[in-house]
Amino acid sequence: MLAQLSPFEIFYGSFTFASVVISTILGLFIALKYREHKKIELLLVGITWIFLASPYWSDALQFLLVTIADVELNTPLYFFLANAFIAPIHITWAYCFTNLLFKQFKKELLIFFIVESVMFEIAFLIVFFIDPDLIGTQQSAFVVEWAIWVQIYLLFSIALFLITGFLFARASIKSSEEEIKLKGKFLIIAFLTFTIGTIIDVIAAESPTEISILLARIFVIVSSVCFYIGFTLPKFIKDIFI
């Protein structure tokens, strides 16, 4: 049970579990807006946000299993959950931002992101089934030293999300409609806070501290809330700011 976890691991696991739950719920809320508005972008944006939390799924599930059943995830499954859903994000997000922002280059950009995503996924699965140790080294229940090729792809994913998200939010801010401008401001905050939180995690991955975990998770939670507001703009938020 919890007794086998150190105070730091309890701190790490509980905050990570909370951030995953919040991100997943808000992602589902965005995706469910598709039923109301019949816009495929809302469905894919919701799925994208849910998958953006996937690198934390293994830690959240690890904490849940240790707390409830006193067992740990086996290392290959931990690696799979943390990495297997990163590449699909590139496709769902690329469809969204090209459909909303770069329509003239939609075909070319989609082909590029589909190709690079499929290549990474195939490479990852091949390595996973041949030798999971080439993906990373698990140092403790929640700490993994990822292989350099995994780290590079993760950093590429962060850069992709930040740059395209910023361009999308900036275009919204330039709109003549106040509601769209407000959405753009919340999206700017969402993309920046998510990127900061993720970068803190990457930098402190091998030797995390209470402060780095607290800051990273707070940034991710704030980004989830702002992302949800930026794409759905609840009425009470609109009433406050407009």
Is it possible to state the helix-based mean residue ellipticity at 222 nm for the chain, with each DSSP H run of 4+ residues giving -39500 (n - 2.57), the sum divided by total residues, to the nearest 500 deg cm²/dmol? What is it?
-26500 deg cm²/dmol
Build a GNM of the chain with springs between Cα atoms under 10 Å: which of ILE213, ILE91, ILE163 gets the top mean-square fluctuation?
ILE163
Long-range share for the range 116-242, i.e. C-alpha pairs more than 19 Å apart as a percent of all pairs, stands at 60 percent
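Could you give the dipole magnitude of the chain about its Cα centre, charging the beta-carbon of Lys and Arg +1 and that of Asp and Glu -1, in debye to the nearest 20? The partial results should precede the final answer.
On the way: 15 positive and 19 negative charges, 293 e Å.
Value, rounded to 20: 1400 debye.
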Residue among VAL220, SER176, THR232 farthest towards the positive dipole end of the range 170-242, charges placed on Cβ:
SER176
Could you state the angle between the C-alpha long axis of helix 86-100 and the longest principal axis of the C-alpha atoms of the chain, as a value from 0 to 90 degrees rounded to the nearest 10?
0 degrees
Order of SER117, SER58, SER223, SER176 - criterion: other Cβ atoms within 10 Å of each residue's Cβ, fewest first
SER176, SER117, SER58, SER223
The range 2-241: radius of gyration over Cα atoms, expressed as a fraction of 2.2 N^0.38 Å:
1.04
For the chain, longest principal axis from Cα atoms; helix 106-130 axis from its Cα atoms; angle between them, nearest 10 degrees, is 10 degrees
Total formal charge among the other residues, if their Cβ is under 14 angstrom from that of LEU28, Lys/Arg +1 and Asp/Glu -1:
+1
So how much slack lies between LEU77 and PHE241, counting 0.36 nm per residue of separation and subtracting their Cα-Cα distance, in nm?
54.6 nm
From Cα pairs below 8 angstrom and at least 6 apart in sequence, can you work out the relative contact order of the chain, rounded to a whole percent?
20 percent
Taking the Cα atoms only, what angle lies between the long axis of helix 148-173 and the longest principal axis of the chain, rounded to 10 degrees?
20 degrees
Everything considered on the Cα gyration tensor (a ≥ b ≥ c; rounded for a/c under 1.5, else prolate if a/b is larger than b/c, else oblate), the range 24-134 must be described as oblate
Roughly how far apart, in whole Å, are the Cα centres of the range 4-43 and the range 63-92?
14 Å
Cα-centre dipole for the range 134-242 with unit charges at Cβ (Lys and Arg positive, Asp and Glu negative), debye to 20
440 debye
What does the charge dipole of the range 41-126 about its Cα centre add up to, to the nearest 20 debye, if the Cβ of each Lys and Arg holds +1 and the Cβ of each Asp and Glu holds -1?
420 debye
Write out the GluC sites (Glu not before Pro) in the range 163-225 meeting two conditions: DSSP loop, and at most 16 other Cβ atoms within 10 Å of their Cβ.
GLU177, GLU206
Tell me which trypsin sites (Lys or Arg not before Pro) from the range 36-127 have a DSSP coil assignment and no more than 11 other beta carbons within 10 Å of their own.
LYS38
Under 10 Å, Cα contacts only: if you run a Gaussian network model on the chain, which one of ASN83, ASN99, ASN74 comes out with the highest mean-square fluctuation?
ASN74
Of PRO88, LEU100, THR16, which is farthest on the positive side of the dipole of the range 4-112, counting Cα position, with +1 on Lys and Arg Cβ, -1 on Asp and Glu Cβ, and the Cα centre as origin?
LEU100
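Only the coordinates and a few stated rules stand behind these numbers; no lab work does. Note that the structure is a prediction, hence the values are computed from the model and not measured. Positions of Cβ are backbone-derived with ideal geometry, glycine not excepted, and every protein chain shown enters the neighbour counts.
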